[in-house]
Every structure is written in structure tokens, then in C-alpha cells.
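To keep things clear, I will list the structure first and then write my remarks on it.
Derivation of every value follows stated rules applied to the coordinates shown; laboratory data play no part. Model, not experiment: these values are computed from the prediction. All Cβ positions, even for glycine, are placed from backbone atoms using ideal geometry, and neighbour counts span all protein chains on display.
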Amino acid sequence: MAKIHPTALVSKGAELGDVEIGPYAVIEDGVIIRSGTCVLAHAYIAEGTTIGKDCEIHMGAVVGHAPQHLKYKGAKTFLNIGDRNILREYCSVHRGFEEGSSTLIGDDNLFMGFSHIAHDCRIGNSTVVCNGALVAGHVTVDDKAFISGNVTIHQFVRIGSLAMIGGLARVNKDVVPYTLIEGDSEVCSLNTVGIRRSGVSNEAAVQIKQVYKLLYRSGLNVTHALEEISKSAFSSVEARNMVDFVKNSERGICKHRKIAANED
């Protein structure tokens, strides 16, 4: 049975499992919230939103509101959130833009305070989006990516798995898996700590480094680097993931930062 604070405004058209709704929270018509989820004080859950099991929606979060798009005219759109997600205080996640479209969020993600996920984003599993980070519309964030505080990500960008975006960075190109981004869309290294902590095998880690060097430290352009990579028998899923990511990039990938004369 749902535990609903008497000051909460819950539409009769909402479908609630065994959940907890805090004081002054607003749950609109058509919202679905699965069992084990807790919605804290003053959170706002808008129509078209489905929230999975065992999620935490913290104070003041706005979940599933209309997209911030000048051409949006009230189309029926959706937000689907998986299980065990944490949306901290005052973060915002918007539903899709075009009729029938959805913003999609997987499982086990953490969205810290004041972060923003715009319309039609695709967020994978086990990602972290830190305080004040701004993720624009139609962005894809693959599994286990880490987006640091006050990062801004341009619309239609894709962030590869286990990539890490350093604080205050601006990202307007696709981020290759396992890389570390700083500043103005600049690749500065591999996310070696993330790779190690994720349990990637030693063989796969070596192949990731080899692909990285060919892409970013060989002096070759992307086309020629891919040609050289194709001559090597990279067998790991991780290495193939990097190569496929680059081949399928529509915006182009982030460039390597300029290396100082005294830098190896």
C-alpha cells in the first residue's frame, strides 16, 4: 500500500505501487510509479512519466515536465525511468518532444543536485551526472559514463561507455569510450581509473590503450587511424566497442588536446 502524506497532491489517474510520497509532492495524471520508490517533499512528477522500482526522487526535483523547446505545442510524450535511480534535489528530467517520443533512463543511475537531462535523451545504466551538469536534447550517454560538475553537453552528442567528462568541460563532439575529456571538448588521456575499477581484463585494457594511441597519439587522421586499426586483430569487446563507436559517429569525435613541447 502506498504511503502518501496528507499534503501531497496525487491525481486519481496516477498508478502507484507500494511507494512513499512526501509532503507537498505533486503527482499528475497518468504517472506510473513502481513499488519501493520514494518521492520526497515538493518533488513534481508530470504526466507521461513512468518510474521504476526502488528509485529515490529528492526534494524539489522536476521529473517528466514538458521539454524546453520553442516548437513544443503540447504533444503527448513520455519519460521512462528504470529501477534504482537516484534523482537528487532540484534536478530536472524532461519528457520527449515529438508526438509519441520518449526520454529514456536505464537502471542504477545517479543524477546529483541541479543537474538537467533534456528531452529525448538516452541514458544507459550506472552513469553519474554530477551537480549542475547540463545535458541537452537528444544526447546519448552510454553505460558507466561519468559527467562531472557544471559540464555542458551539446545536443545530439554521444558519450561512450566508461568515458569521464572533467568538471566545467564543454562537449560538442562525440566522446570515445574509456577516454577522459577536459576543457573545450579535448581528450587528454584514457580514464584509467574507471577502466581498472570496472573490472576490465588486463588483455582488454592493453587493447584499449593500443586503439587510443592509434586514434590520438599516432599523428594519423581518424580515417587513416581506423585503417591501421583494421590491420590489427583486436579481439576484446572493449576495443571493438571503441572502433565501432568511432565508425558510427555522426558528429565526429573529440580531438586530442595540443601537447606541449615538454610533454610526452
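Values as computed for the structure displayed
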item	result
Amide N proximity, region 43-68 versus residue 76 label position 7 Å along Cα-to-Cβ, cut-off under 16 Å	47-50
Length-normalised contact order of the chain in % [C-alpha pairs under 8 Å, at least 6 apart]	8
Gain on full stretching of the segment that runs from residue 9 to residue 247 - 0.36 nm per residue minus C-alpha separation	80.8 nm
Principal-axis tilt of helix 202-216 within the chain, Cα atoms, nearest 10 degrees	70
Beta bridges by DSSP in the chain, antiparallel share as percent, to the nearest 5	5
Ellipsoid equivalent to region 173-232 - semi-axes via the Cα gyration tensor, in Å	19, 17, 8
Label-to-label distance, nm, for residues given as residue 29 and residue 197 (7 Å Cα→Cβ offset)	4.5
Residues 139, 206, sorted so that the one with the fewest Cβ neighbours within 10 Å comes first	206, 139
Beta bridges by DSSP in region 159-200, antiparallel share as percent, to the nearest 5	50
Peptides ranked, highest mean first, by Cβ atoms within 10 Å: ranges 158-171, 26-39, 97-110, 242-255	158-171, 26-39, 97-110, 242-255
Ranked by how many other beta carbons lie within 10 Å on average, peptides 227-236, 64-73 from highest	64-73, 227-236
Estimated dipole of the chain in Debye, rounded to 20 [Cβ of Lys and Arg +1, of Asp and Glu -1, Cα centre]	520
Stretch gain in nm, segment residue 222-residue 150, where the contour uses 0.36 nm per residue and the Cα spacing is subtracted	23.0 nm
Region 3-138, relative contact order [Cα under 8 Å, separation at least 6], %	16
Tilt relative to the chain, helix 237-248 - C-alpha long axis, 0 to 90 degrees, to 10	90
Net dipole in debye of region 1-151 [+1 Lys, Arg Cβ; -1 Asp, Glu Cβ; about Cα centre; nearest 20]	240
Region 3-138: radius of gyration over Cα atoms, expressed as a fraction of 2.2 N^0.38 Å	0.94
The chain: calculated mean residue ellipticity at 222 nm from DSSP helix runs of at least 4, using -39500 (n - 2.57)	-4500 deg cm²/dmol
Ranked list, fewest to most other Cβ atoms within 10 Å of each Cβ, for 86, 57	86, 57
Entries in 213/247; 71/173; 71/258 that, when Cα-Cα distance is taken, lie over 28 Å	71/258
Computed over region 196-256: relative contact order in percent, which uses C-alpha pairs under 8 Å that are six or more apart	36
